[in-house]
Amino acid sequence: MYPSSKLSSYEEAQKFLRKPTYKLHDVYRALDIIIKEKENIEKWCYEKSLFVVKDRNTKVLYYDCTNYFFEIEMEDEDDLENAKEGLRKFGKNKENRPLPIVEMGLFIDGNGYPLAFNINPGNTNEQTTLRPLEKQIMKDFQLSKFLVCTDAGLGSFNNRNFNTKGDRLYIVTQSLKQLENQYQADALSNTGWYILGDNKYIDLSKIKKYDSNNKNIYYKEVIMKRTKKDSKTKEKIVLEERMIVTFSPKYAAYQKNIRDAQICRAKEIITKHPEKYNKLPQNSAKRFIGKENITSDGECAEKTKLYYKDNLEKYEAQFDGLYALCVPEKMEGHVEEILQISKGRWEIEESFRIIKSEFKARPVYLKKEDRIKSHFIICYLSLLIYRILEKEKLQEKYTTEEIIKTLKEMLTNKIEGLGYKQLYQKTDITTALSNIYDFNLDQKFISLKNMKKIL
């Protein structure tokens, strides 16, 4: 439950009732072995978890990527002699840190249990990481019929086409701003909408667009057909999809309120504080501000003029409240069912947060590539054990913070020759753990004999 640096993990283990007999150097040596068994470890964990977890739900798989930073100034050099790329590379850091990173791709099943992961150089295009790991899952776990759910960043044409083969399907979020004009116009039109739940037809022009009290969800379906040439065979690939577009007046009002605040901020900077322009983050008030460095005659000017981009406000407003998903045209299932599956993507984001925050798995201080990858195998194992405890044993009644805090605070004081005196407060979680594992940890004092039985 504490897969942070190897040194801190080793020091933490010295507090256990059974102190480890190995030394710190043994931990580092073990990392060299663990990486060689990565796929066997994942396969073994999956097979054994089927005896512990009631429902792994491998019919739905969620995939996403994140990155982990290293507090070093230089990225790893490539091994040109062996045509091997370095692992820690400068790339698109999701936290905007100017540090080398590695990229982690993670598959979880429909109930939130981790299935498999990969580690790639920080400058890797995340769209290329999906198919290799998916093929590994199909081979190692003997899975062939499943639905892959990802966000728009991972929903490339090739990834979508790959998951139309055999019994595989996909659900991918779709950016309306990046659609071809024809399909974008269909998505934005006021006709063809239905109320989610009762399938009643509605014309969106007849309702108030920005109504925070209107909790209805409206939807429409647009059939899309796109083609692309295979880069190897040069054959034409045709991809037919159902695009499900939803509209929420409450969400539209929320988006408008955020944009209005950013516009006010942009106008204030233009008129009163132009010196703050360069300090603004790109995707906030700054996008509404234009910058001119030339005179009306086209000559270079020493002074900079800021102006408000009024066209951008109108452009963004037309997408307020809208959300879109794409699925293969052959996919059956009602819109409500598809939307419900897509909502489950939050669990993979939470899994990344648990590894980074609660497990303290970053920054990573290891240097060797194999040992870095082994570190993430340990993180994967920690996440799997935690999810089993949280979901299967504690029935999702408690938050991540509550569970991990309780476990770390369950300390005891050994009284030589007598037993162990409890140093923590009894809580609902400690009582639940005692009931689940059939031994009482809530008693104030545990004799040596009883502790031996528990161990």
key: Residues of segment 109-157 classified as open to solvent by 20 Å² or more (accessible area, probe 1.4 Å), assigned to a helix (DSSP H, G or I), within 17 Å of CYS326 (Cβ to Cβ) and not small (Gly, Ala, Ser), total   = 2
inquiry  = Going residue by residue through segment 178-188, is there one that turns out to be in a helix (DSSP H, G or I), polar (S, T, N, Q) and open to solvent by less than 10 Å² (accessible area, probe 1.4 Å)?
reply    = no
query = Being free of Cβ contacts under 8 Å to residues at least 12 places away in the same chain, out of contact with any Phe, Trp or Tyr (no Cβ under 8 Å at 6 or more places or on another chain) and either more than 21 Å from SER342 (Cβ to Cβ) or of a type in the set (D, E, K, R) (or both), is that true of even one residue in segment 140-157?
reply = yes
message = I'd like the full set of residues that are over 19 Å from GLN255 (Cβ atoms), in a loop (DSSP other than H, G, I, E, B) and of a type in the set (S, T, N, Q), limited to segment 189-236.
response = SER189, THR191, ASN199, SER231, THR233
remark   = Taking segment 353-391 and keeping residues open to solvent by less than 10 Å² (accessible area, probe 1.4 Å), out of contact with any His (no Cβ under 8 Å at 6 or more places or on another chain) and within 21 Å of ARG88 (Cβ to Cβ) leaves ILE355, PHE359, ILE372, SER374, HIS375, PHE376, ILE377, CYS379, TYR380
task = Identify all residues within segment 354-368 that are of a type outside the set (Lys, Arg) and in contact with a strand residue (DSSP E or B) (Cβ under 9 Å, 6 or more places away or on another chain); write none if there are none.
result = ILE355, ALA361, PRO363, VAL364
query = For segment 238-257, does any single residue satisfy the condition of being in contact with a strand residue (DSSP E or B) (Cβ under 6 Å, 6 or more places away or on another chain), under 30 Å from ASN163 (Cβ atoms) and open to solvent by 60 Å² or more (accessible area, probe 1.4 Å)?
reply = yes
key: Selection from segment 332-371 of residues that are in contact with a Lys or Arg (Cβ under 7 Å, 6 or more places away or on another chain) and under 20 Å from ALA152 (Cα atoms)   = none
request  = Restricting attention to strands (runs of 3 or more DSSP E) lying wholly within segment 242-355, give those where 1 or more residues are of a type outside the set (Val, Ile, Thr), within 25 Å of TYR194 (Cα to Cα) and modelled with pLDDT of 95 or more.
outcome  = 322-328
message = Need pairs with beta-carbon distance below 6 Å; first residue within 16 Å of GLU392 (Cβ to Cβ) and within segment 417-441, second open to solvent by 30 Å² or more (accessible area, probe 1.4 Å) and of a type in the set (Lys, Arg); sequence gap 6+ or separate chains.
response = ILE436/LYS393
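So that you can scan it fast, the table gives a plain yes or no per residue for (1) aromatic (Phe, Trp, Tyr); (2) touching a helix residue (DSSP H, G or I) at 6+ places or on another chain (Cβ under 8 Å):
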| residue | (1), (2) |
| --- | --- |
| GLY153 | no, yes |
| ASN161 | no, no |
| ILE171 | no, yes |
| LEU176 | no, yes |
| GLN184 | no, yes |
| TRP193 | yes, yes |
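The values are calculated or read from the model by the stated rules, or taken from the named source; none is laboratory data. From a predicted model like this one, the values you see are computed outputs, not experimental measurements. Note that we place each Cβ from the backbone using ideal geometry, even for glycine, and neighbour counts take in every protein chain shown. Surface accessibility is based on the protein's heavy atoms, side chains included, excluding ligands, DNA and RNA. Shrake-Rupley method; radii C 1.70, N 1.55, O 1.52, S 1.80 Å.
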